[in-house]
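Engineer: Quick one: this structure, given as structure tokens, is what I'll be asking you about.
Quick note: the coordinates plus some simple rules give every number you see, no bench work behind them. Everything numeric here is computed off the predicted structure, so don't read it as measured data. Note: ideal-geometry Cβ built from the backbone for every residue, glycine included; neighbour counts use all protein chains shown.
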Amino acid sequence: MSEDYQKLFGGGVQLLQALRPATASARTCGQGLESILYDLAGRGSDGPFDRVFNGPTSEAWVDPWATRLRELGVRFAFGWSVERLEVRGGRVEGAHARTPGGGAARIDADWFVAAVPSERASALWNPALRAADPRLAAMDGLQQTWCNGIQYFLPEPAPVIRGHVLHVDSPWKLASIGQSTLWRAPFARTWGDGTQRESLSVVISDWDTPGVLFGRPARQCTRTEVAREVWAQMRAHPNDGGRQVLGEALPRSWYLDEAIAEGGPGGGLRNDDPFLINTAGSWELRPDAATGVANLFLAADCVRTYSNIDFASMETANGAGRRAAAAVLKAAHATDVPEVPTFKGYEAPEFAVMKAEDRERWRRGLPHALDKGGGRP
């Protein structure tokens, strides 16, 4: 295939780190791309394909949601670290935690929901939990990569496009968005120190390919070098027609994800918040929201959601949370509350007959109708 085709449909897909074509689960990657294409075509969606918040994530989503939960009686305990789950008789009897002051504490509850990344959850699974549900032990095989972001604060708006920009030629597979025109109020008067008029947010999806300034992958740079490298790669795209959209000098104000810290292997960086990738065969390693432990449930984007969006994303985490809530209500035999809705995702009716035929061929041990090689796939 042509170089341009490979860039657009190979590297372009990698901009969604969860769908890396070279290593991704065919189920996860295929269904995810199918859903994206349907959405772009205006099918199976209730609005435009590319939708963003009308302000900073904390103000537009997290803070209002936290306020609502507090109104419902939820109490947040920040700075606590759960170190061990105590299991007895097939149930979690309590959680042993470390308080912000360094003291030990025990948490007793009827139901326990682990809404944490897969690598953090696996560290909690002791032999008793792993014996109770082999799926928990299988989570050790799930893999993570790096996919973190940086923000640049500019004194003038960046007139690139009103939406996301995919920098398909960038070595670090960048995706960016200028947020000032999308937020609900004038940027300079509402956020920052009053001198900045743009927040340019960038996602870095490839931390292993050498860059254009220092010749090193992102994980082997310093934090400042990452900021300089990303700026150089990003400005090369809108400026390639001779129009000066982004200036040459690194903006004086920028913010790199705090999870990216100095002191990594070989003098490089470390990542305290890696990103789950669904590699080939990973479906068999992923747990369900309800576990083999009677009162332990999972709600994270590693959970099987049985929809056509099940790669690492807010949509998958949302679906996992819904399934965990439904599982808790079922285990508690709650009958006086509404059923928690879950969503399968859009399926084009035009292909229903062909899918039914394919399922029947699979049941009978026959190859796919288009597979001329013979044998069961």
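Engineer: Give me the count of lysine pairs in the chain whose alpha carbons sit under 23 angstrom apart, restricted to pairs 8 or more positions apart or on different chains.
Structural biologist: Lysine pairs, 8 or more places apart or on different chains, close enough: 4.
Engineer: Can you tell me the length gained on complete extension of the stretch residue 181 to residue 81, counting 0.36 nm per residue apart and subtracting the Cα distance?
Structural biologist: 32.1 nm
Engineer: To continue, here is another question. Taking the range 264-353, which trypsin sites (Lys or Arg not before Pro) meet the DSSP loop condition and have no more than 16 other C-beta atoms within 10 Å?
Structural biologist: Passing sites in the range 264-353 are 344.
Engineer: Is the range 240-377 rounded, prolate or oblate when judged by the Cα gyration tensor, a ≥ b ≥ c being the square roots of its eigenvalues, rounded requiring a/c under 1.5 and prolate requiring a/b larger than b/c?
Structural biologist: Oblate shape, in that a/c is at least 1.5 and b/c is the bigger or equal ratio.
Engineer: Which of 48, 280, 233 sits farthest toward the positive end of the charge dipole of the chain, with +1 on the Cβ of Lys and Arg and -1 on the Cβ of Asp and Glu?
Structural biologist: 280
Engineer: Along the Cα→Cβ direction, 7 angstrom out, place labels at residue 22 and residue 359. What is the inter-label distance in nm?
Structural biologist: Simple spin-label model gives 3.7 nm for this pair.
Engineer: Suppose R0 equals 22 Å; then what is the FRET efficiency for residue 66 and residue 342 from their Cβ-Cβ distance, rounded to the nearest 0.05?
Structural biologist: After rounding to 0.05, the efficiency reads 0.40.
Engineer: Report the charge-dipole magnitude of the chain in Debye, nearest 20, computed about the Cα centre from +1 at each Lys and Arg Cβ and -1 at each Asp and Glu Cβ.
Structural biologist: With Lys and Arg at +1 and Asp and Glu at -1, about 480 debye.
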